[in-house]
Each structure stands twice: as C-alpha cells, then as structure tokens.
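For reference, the structure discussed in these notes is given below.
The values are calculated or read from the model by the stated rules, or taken from the named source; none is laboratory data. The model shown is predicted, which means the values in this text are computed figures rather than measured ones. Note that we place each Cβ from the backbone using ideal geometry, even for glycine, and neighbour counts take in every protein chain shown. What goes into the accessible areas is simple: the full protein's heavy atoms, side chains included, and nothing from ligands, DNA or RNA. Shrake-Rupley method; radii C 1.70, N 1.55, O 1.52, S 1.80 Å.
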Amino acid sequence: MNHCAYERQSRPRNIEVKGLYGRWDVQLHATVDGGREYWWVENANGIDGEEGYWTTRNEAGEYEYFCDAGWGDEANAICHLEDAIDD
C-alpha cells in the first residue's frame, strides 16, 4: 500500500487540465512515497457541477486527468485516489 501526504490549498490555483473542459481549481496536493504527485481539482466554471478529479503532470508540465475524485468531498476524493494508486 502506498502512503500519501495531503496538503490543502488555501488559495486554489486556477488551471487547465488536458482531457477535461473548462477551468479547474486545485483543492488538494498529494505526494506519494515514491515522489509521484497528484492534484485534486474542482470545476471553477460550473460545466461539470461539483464533481472533482485527480490530475497528474506530464513531462511537458501540463496537468492531465488521472481519475475521478467524487462529488466535492475531501474524504471521498482521498479514498478515490488511494484506491486508484493501489490497483
């Protein structure tokens, strides 16, 4: 099992995410034991309602979709990420 450290973003950054439409606000930053990083984003402009997603960064430094993170609940988002990386 991987261990993740989570850091809530007090000032959410507004970003674009490859594979998702619209603009996204970064809510959580997660770092896994091996150094891999993930960012939980929620929709900033209402296109997809309250649903959030986990993203990673590709080699070009662009954010891209990793997995679903549930409906705007931090605990739910963490469970989704931990399940995805343990698979």
Solvent-accessible area per residue for the chain (1.4 angstrom probe, square angstrom): 60 Å²
Backbone N under 14 Å from the residue 51 label point (7 Å along Cα→Cβ), restricted to the range 5-33: 19-22
In nm, spacing of pseudo-spin labels at residue 44 and residue 79 (7 Å Cα→C-beta vector): 2.9 nm
Extension gain from residue 29 to residue 60, taking 0.36 nm per residue of separation minus the Cα-Cα distance: 9.3 nm
Stretchable slack from residue 7 to residue 71, in nm (0.36 nm times residue separation minus alpha-carbon distance): 21.2 nm
Residue with peak Gaussian network fluctuation, the chain [Cα springs, cutoff 10 Å], from 41, 32, 17: 32
Among 43, 58, 76, residue whose mean-square fluctuation peaks in a GNM of the chain (springs only between Cα atoms under 10 Å): 58
Alpha-carbon gyration tensor eigenvalues x 5, square-rooted, for the chain, Å: 19, 14, 12
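Tell me, what % of the accessible area of the range 1-86 is carbon and sulfur with a 1.4 angstrom probe? Show your work: numbers first, answer last.
Details: 2210 of 5020 Å².
Carbon and sulfur: 44 percent of the exposed surface of the range 1-86.
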Dipole in debye (nearest 20) - the chain, about Cα centre, beta carbon charges: Lys, Arg +1; Asp, Glu -1: 420 debye
